[in-house]
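Presented below is the structure to which this report refers.
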Amino acid sequence: MDSIFGKIKKSDVFNEENRASYITAVALMSLFTFTFLGAEFLFVNVISRTVSGDRSVNAQNYALGVSVVGFALYPLFCRIFKEKLLSVISVISAVISVACLFLMCRHSAYELTLSSGLLLFLILGVFGSAVFYNAVCLLKNNAFLASLVGLSYMLGILLQIANNNLIHADMSEAGVLSAFVLLLSVMLIKARKSRAASTASEGNTQGENNKKDNSGLKIGVVLVLFVALMTCIFGTLDNAVTLYHANGVANIGQWHRILLALSGLLAGFLFDVAKRKYMGVIMYCVMILSTACLVILQFAGPFLAGLAVFYLSAGFFAVFFTASFMELSQYTNTPQLWAGLGRAVNNLVAMAISGGSLALLNSGNNIAIITGELLLFVLTSITALIYTVKRRELFERLDAAEKEAVSSSERLERLSEKFSFTPREAEVFGLLVSTEDGLQTIADNLFISRRTLERYVSAIYEKTGAKTRIGLISLFNNNR
């Protein structure tokens, strides 16, 4: 991890000032990945001891579905509750989660186990949305977003592997998960305070600066569809693997799960190539690999081979939808919602297709399975192309606007030096040539009187030799 942070530091986008923020963001995402996947694994284990494999898979998908409600609740909480009250809610939610974990492990009636599990995942959904939004705010530079997401995913998976293989009692596992849920709650409170302090000192975060643009909303719909279609493939594949696990054929929590952790880390570094320009294309290629994996499992191929392909592709998919929505959230008016929407879309679609995918997997109708796979493949291919094009157009437009802003700033600085503007005169000059606001509006924005502003304007006219505001604009535009 230090070598990765060192690499970022050398690239001048990661200095001592924001080092703690980056580490906190990675820690938050790692803790959430571990607690969510660890709780999901424990829930399936406990529920599979009382019901059949099919019902266990259905229960798992019910839990994933209810977590979506939690992801949607966090943006609502941010609008309704103040910061201090959010901290109180965070602590109370963590305590309830701990109670649900131990209640779930009592091996009581199926209904009680299911109910406690659903409440647990509702709360974890809220935590997840909070984690990804706060991580976006803490990661002030987008250059290594996917790499840091991949790093956090790897750390979370490694924690889960260690937990699954070193702890074999359900109650002990619940105890470990409880400790991490409480730690996650405390870190979220600290992250919110850090974000609030940063916003107060800097004026706005990167995401808040771009909120007025809202350009990301247009491709957001395409991204949702793209992730939803891929989830149909990955969700069916996950159901097939979970069936093997629930029926006792294989334990998917063993050490070969390290492939999942490594694939997440590799995905992050590959996605960040050329500012994530080829992220959609890489994910499309991985989707082809996952489709082949489903064929291997369905046609009685070697289970371990299919499981290895599944882990390799699933890591890419998790990092893709997490990084994509975190990146996109900065260009929407509701970043609290969009930052964690990737996990929410994945969980919702996984729940929605659960019954159909299980029926298809158990039907033994290979023709229907292949037909369904081909249809999904075609639809996903079309959506992948649209998303790649739309994303490129968005960021080309944003890059052009950024370059124009830098160019304008440089021109303003040159003219200020050339005509010996005072700092206030330079500020007034910049507003005169870059806005259509009247003098009274400019004066109000600068918190000065109109008469004072007119004195600054007169001084600017005298120094530049311009007679009118149009002359100032021409002077500014000609100085390129």
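Would any residue of the range 128-157 have its amide N under 19 Å from a label point 7 Å out along Cα→Cβ of Leu266? List them or say none.
Once the point is set 7 Å along Cα→Cβ of Leu266, 146-157 turn out to lie under 19 Å by backbone N, inside the range 128-157.
With every protein chain kept in place and ligands, DNA and RNA left out, what is the accessible area per residue of the range 365-480? Probe 1.4 Å, answer in Å². Before the final figure, lay out the partial values.
Numbers: 7260 Å² over 116 residues.
I get 63 Å² per residue for this part.
Going by the alpha-carbon gyration tensor, a ≥ b ≥ c the square roots of its eigenvalues, is the range 439-480 rounded (a/c under 1.5) or, if a/c is not under 1.5, prolate (a/b greater than b/c) versus oblate? Intermediate values should be presented prior to the final figure.
Values: a/c = 2.87, a/b = 1.81, b/c = 1.58.
Judged from the Cα gyration tensor, the range 439-480 comes out prolate (a/c at least 1.5, a/b above b/c).
Give the dimensionless ratio obtained when the Cα radius of gyration of the range 367-408 is divided by 2.2 N^0.38 Å.
2.00
Over 20 Å between C-alpha atoms is what I'm after, so list which of Lys277/Lys403; Lys193/Lys218; Lys275/Lys403 land there.
Lys193/Lys218
If Lys and Arg each add +1 and Asp and Glu each add -1, what is the summed charge of the other residues whose beta carbon sits under 14 Å from the beta carbon of Gly355?
That works out to 0.
Report the label-to-label distance for Ile282 and Asn333 in nanometres (one decimal), using points 7 Å from each Cα along the Cα→Cβ vector.
Spacing of the two 7 Å Cα→Cβ label points: 3.4 nm.
How do the peptides 34-43, 347-356 rank, highest first, by the average count of neighbouring beta carbon atoms within 10 Å per residue?
The densest-packed peptide leads the list: 34-43, 347-356.
In the range 9-118, what percent of the accessible surface is made up of carbon and sulfur (1.4 Å probe, ligands and nucleic acids excluded)?
Roughly 63 percent of what the probe reaches on the range 9-118 is carbon or sulfur.
Under the 0.36 nm per residue contour assumption, what length would be gained going from the current alpha-carbon distance of Ile448 and Ala162 to full extension?
96.7 nm is the gain from fully extending Ile448 to Ala162.
Using mean Cβ contacts within 10 Å as the protection proxy, how do 93-101, 24-32, 108-116, 147-155 order, highest first?
Per-residue mean Cβ counts within 10 Å order the peptides as 147-155, 24-32, 93-101, 108-116.
Summing Lys, Arg as +1 and Asp, Glu as -1, what charge do residues with Cβ under 10 Å from the Cβ of Leu453 carry, Leu453 excluded? Don't skip to the answer; put the middle values down first.
Details: positive: Arg424, Arg450, Arg451, Arg455; negative: Asp444, Glu454.
Taking every Cβ under 10 Å from that of Leu453, the sum is +2.
So how far apart, in nm, are the two label points at Ile23 and Leu85 if each is 7 Å from Cα heading toward Cβ?
It is 3.5 nm.
Just to confirm my numbers, what's the Cα centroid distance between the range 440-456 and the range 48-113 in Å?
Each part's Cα centre sits 55 Å from the other's.
Go ahead and run the numbers for FRET between Asn365 and Lys275, Cβ-Cβ distance against an R0 of 41 Å, rounding to 0.05.
It comes out at approximately 0.40.
The values are calculated or read from the model by the stated rules, or taken from the named source; none is laboratory data. Please read all numbers here as calculations on a predicted model, not as lab measurements. Reconstructed Cβ throughout: ideal geometry from the backbone, glycine too, with neighbour counts over all protein chains shown. Accessible surface is based on the protein model in full, side chains and every heavy atom, while ligands, DNA and RNA are left aside. Shrake-Rupley method; radii C 1.70, N 1.55, O 1.52, S 1.80 Å.
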